[in-house]
Amino acid sequence: MEPKTVRRGETPGGATARHIESSHPLNALVAGTVVLTLDGAIPAEFLCPGDRVITRDSGTAILHALRRSRIRTKLVAIRAGTLGNSRPGSDAVLPARQEILVRDWRAEALFGANRALVPAERLADGEFIREIGTREVDLVELRFDAPHILYADGLELASAAPEPVGA
């Protein structure tokens, strides 16, 4: 079950704008990002299929697959406490395209909605949320049976899209 949010490129009514395809994954975590699971807080690269990940939308979800890649991608740094009380709890680095669930004044100001899934780069203000350039990093895509909102590094982040049937 996907939470009722507005994604960049969509309107609250559901009309979708054209998406630009890229070889870079839409939602992937930088290795070292700590994900909340029923077994505790675990860095993304140490998760395994079958792990039970805590999600905002369904309580828990079973991790079906991981896709690891080393890729050059644009990164965004988020200073601790920027997105709310202890959100994130410490400085965080995300791929620029990683979607963050925003549930505060930013969602209302940017999208006219109570909450929205927003690519990290769209939140950059140059001071508290900064684009830090393109770097080669290890990325981990967490794949479930459906899209979920994960708790990672104190943020609410969108998971990768489910694997296509037959893949």
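The values are calculated or read from the model by the stated rules, or taken from the named source; none is laboratory data. The structure displayed is predicted, hence computed values, not measured ones. Reconstructed Cβ throughout: ideal geometry from the backbone, glycine too, with neighbour counts over all protein chains shown. Remember, those area values only see protein heavy atoms, side chains included, never the ligands or the DNA or RNA. Shrake-Rupley method; radii C 1.70, N 1.55, O 1.52, S 1.80 Å.
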Task: Cβ-defined net charge surrounding residue 143, 14 Å radius [Lys, Arg +1; Asp, Glu -1] - done: -2
TODO: Using only Cα atoms, figure out Rg for the range 19-101 and give it as a multiple of 2.2 N^0.38 Å.
DONE: 1.15
Open item on the list: With Kirkwood's inverse mean 1/r over C-alpha pairs for Rh, give me the Rg to Rh ratio of the range 84-167, two decimals please.
Closed with: 0.98
Task: residue 145 paired with residue 163, simple spin-label distance in nm, labels 7 Å along Cα-to-beta-carbon - done: 1.5 nm
Open item on the list: As a test question: what accessible area, to the nearest 10 Å², does residue 62 have when a 1.4 Å probe is rolled over all protein chains in place?
Closed with: 90 Å²
Task: Probe 1.4 Å, all protein chains present, accessible-area order of 118, 34, largest first - done: 34, 118
TODO: Would you calculate the separation in nanometres between label points at residue 138 and residue 85, each defined as 7 Å from the Cα along the Cα-to-beta-carbon direction?
DONE: 3.6 nm
- [ ] Please report, as a whole percent, how much of the solvent-accessible surface of the range 63-167 comes from carbon and sulfur atoms (probe radius 1.4 Å).
- [x] 47 percent
Task: Cα gyration tensor of the range 76-124 - equivalent ellipsoid semi-axes, whole Å, descending - done: 18, 13, 7
Task: Chain lengthening between residue 131 and residue 62 when straightened (0.36 nm per residue, less Cα-Cα) - done: 21.6 nm
TODO: Express the relative contact order of the range 95-164 as a whole percentage, based on alpha carbon pairs under 8 Å and six or more residues apart in sequence.
DONE: 30 percent
